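> Take a look at this one; I'll ask things after.
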Amino acid sequence: MDLQPATETDLSEIIALTNLAFRGEVGWTLESKYIEGERISLTGLKEDLTAHPDARMMIWRDQSDGSLMGSVWLEPRKNGTWYMGLLAVRPERQGQQLGRRMLEASEAMIRRDGGKRVRISVVNVRERLMGWYERRGYVRTGEREPFPYGNENVGRPLRDDLEFIMLEKTL
């Protein structure tokens with residue numbers, strides 16, 4: 001899998017894929033039972049990229065037709081730790097190991113750039129997704145971060161008990 005840096009012209013497709021993967025109607029990674037609305041907007045993504053100039057939005061396109069198959073946010077933090085977020089693949093292709101391959105390609109890229117650890121955050125009610133990451137070597141750190149209630153840039157929560165669970169993997 002060949003991850004490439006996203007360009008300005010890729011951003012609208014990334015938004016569509018991310019919203020479909022997180023808040024659509026098909027796939028096991030949906031969080032629409034807990035949060036409604038868009039997962040991310042074009043304005044929000046552009047603001048995040050501006051606020052985090054070291055971050056990279058990476059994409060994977062099908063070589064045969066150029067369609068966007070997956071995307072992921074990779075951001076170097078301190079002490080060799082990177083944050084990975086917004087990992088998304090085409091929902092209709094879930095179950096074909098695409099997410100696993102995206103994850104492995106992302107970790108390989110981080111490793112090549114000197115990263116030693118990867119951190120992710122998962123909404124606390126998404127046990128199945130946390131289990132998927134744990135089977136790939138991620139460990140819950142015990143850290144929790146508050147859900148950004150009132151921030152429409154991440155959607156509208158349908159519950160009042162949401163928070164983020166932090167997981168980490170040593171590379």
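Nothing in this text is a laboratory measurement; each read-out follows from the coordinates by a stated rule. As the structure is a computational prediction, the values presented were derived from the model and not from experiment. Positions of Cβ are generated from backbone atoms using ideal geometry, with glycine treated the same way; all protein chains shown enter the neighbour counts.
> Could you pull out the trypsin sites (Lys or Arg not before Pro) across region 95-138 that fall in loop regions by DSSP (anything but H, G, I, E, B) with no more than 10 other Cβ atoms inside 10 Å?
Hits after loop and neighbour filter: 135.
> Take the alpha carbon atoms of region 126-162, find their center, do the same for region 65-82, and report the distance between the two centers in whole angstrom.
If we compute the Cα centre of each part, the gap is 18 Å.
> Order of 155-165, 67-77 by packing, highest average Cβ count within 10 Å first?
So the order, starting with the most tightly packed, is 67-77, 155-165.
> Additional query: Determine which residues of region 12-31 fall in the zone a paramagnetic label at residue 135 would reach in this model, i.e. backbone nitrogen under 17 Å from the point 7 Å along Cα→Cβ.
Those under the cut-off are 27-30.
> Shifting gears a bit: At a threshold of 8 angstrom on Cα-Cα distance, excluding pairs fewer than six apart, so keeping six or more, what relative contact order does region 4-170 reach in percent?
The value is 23 percent.
> May I pose another question? What does the charge dipole of the chain about its Cα centre add up to, to the nearest 20 debye, if the Cβ of each Lys and Arg holds +1 and the Cβ of each Asp and Glu holds -1?
For the chain, the charge dipole is close to 720 debye.
> Per residue of region 155-161, what does 6.51 cos²θ - 1.76 cosθ + 1.60 with θ = phi - 60° give for ³J(HN,Hα)? Whole Hz please, x for Gly and Pro, Karplus curve as stated.
Karplus values, whole Hz, x for Gly and Pro: x, 10, x, 9, 9, 9, 10.
> Another one. What's the lysine pair count for the chain at a Cα cut-off below 25 Å, pairs eight or more apart or interchain?
Here the count comes out as 4.
> Another question about this same structure. Can you divide the C-alpha Rg of region 4-170 by 2.2 N^0.38 Å and report the result to two decimal places?
Normalised by 2.2 N^0.38 Å, the Cα Rg of region 4-170 equals 0.98.
> Using 7 Å Cα-to-Cβ label points, what is the residue 171/residue 47 separation (nm, one decimal)?
About 2.9 nm, to one decimal.
> Using a Gaussian network model of the chain with C-alpha springs under 10 Å, which one of 138, 149, 83 is most mobile by mean-square fluctuation?
Answer for the Gaussian network model of the chain: 149.
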